[in-house]
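*Asks:* Once you've had a glance at the structure underneath, I'll fire off some questions.
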Amino acid sequence: MTAKAPRRMAWRIMTSPQSQSGDTLSRLEATIAARRAADPESSYVAKLNASGLGKMSQKLGEEATETIIAALAQGPKELIGESADLLFHLMVLLGAKGVPFADVLAELDRREGVSGIAEKASRPKD
């Protein structure tokens, strides 16, 4: 399998210790919200939003697949890059659905210290 060329995104991940906290994700969420209504010709976020939920979901799936491939067949640098892409596209989709990332973090907090098996068993059956 050949490594793909790195992509340039309209945003960048900061690498300072201060930015390795929830502040980075909060800033990213704010940037995504601000760019949602921008011109799709000049904003990747606006272009994704204009494409609709189906395309956004497809893109998220593609990024998840690329993250898996990086984990299995590439190095840490590629895995980090693909993981950043995955988080970015997840946050774009959450924003389009009106779901604050803080709600996802709250759900993770709720699950902390609970067995994964017990947590899954406690979910309502659909």
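The values are calculated or read from the model by the stated rules, or taken from the named source; none is laboratory data. Worth saying up front: this structure is predicted, and the values here are computed from it rather than measured. In this analysis, Cβ positions are derived from the backbone assuming ideal geometry, glycine residues included, and neighbour counts consider all displayed protein chains.
Yes or no, residue by residue, for (1) of a type in the set (Lys, Arg); (2) touching a Lys or Arg at 6+ places or on another chain (Cβ under 8 Å); (3) modelled with pLDDT under 95; (4) at positive phi:
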{"site": "LYS47", "(1), (2), (3), (4)": "yes, no, no, no"}
{"site": "LEU72", "(1), (2), (3), (4)": "no, no, no, no"}
{"site": "LEU86", "(1), (2), (3), (4)": "no, no, no, no"}
{"site": "LEU94", "(1), (2), (3), (4)": "no, no, no, no"}
{"site": "GLU107", "(1), (2), (3), (4)": "no, no, yes, no"}
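*Asks:* Tally up the residues in segment 24-72 that are among the acidic types (Asp, Glu) and within 15 Å of the chain's Cα centre (by Cα), please.
*Replies:* The number of residues fulfilling the criteria is 4.
*Asks:* Could we say that LEU53 is closer than 14 Å to MET91 by Cα and either in contact with a Cys (Cβ under 6 Å, 6 or more places away or on another chain) or at pLDDT below 95 (or both) here?
*Replies:* no
*Asks:* Can you find, within segment 19-30, the residue that is nearest to LEU108 (Cα to Cα) among those that are of a type in the set (Ser, Thr, Tyr), loosely packed, with under 15 Cβ neighbours inside 10 Å and free of Cβ contacts under 8 Å to residues at least 24 places away in the same chain?
*Replies:* Only one residue tops the list, namely SER21.
*Asks:* Still on this model: If THR2 satisfies every condition in (1) modelled with pLDDT of 95 or more; (2) in a loop (DSSP other than H, G, I, E, B) but one, which is the exception?
*Replies:* (1)
*Asks:* Scan segment 67-75 and tell me whether some residue there is over 17 Å from GLU29 (Cα atoms) and either touching a strand residue (DSSP E or B) at 6+ places or on another chain (Cβ under 8 Å) or of a type in the set (Asp, Glu) (or both).
*Replies:* No: zero hits.
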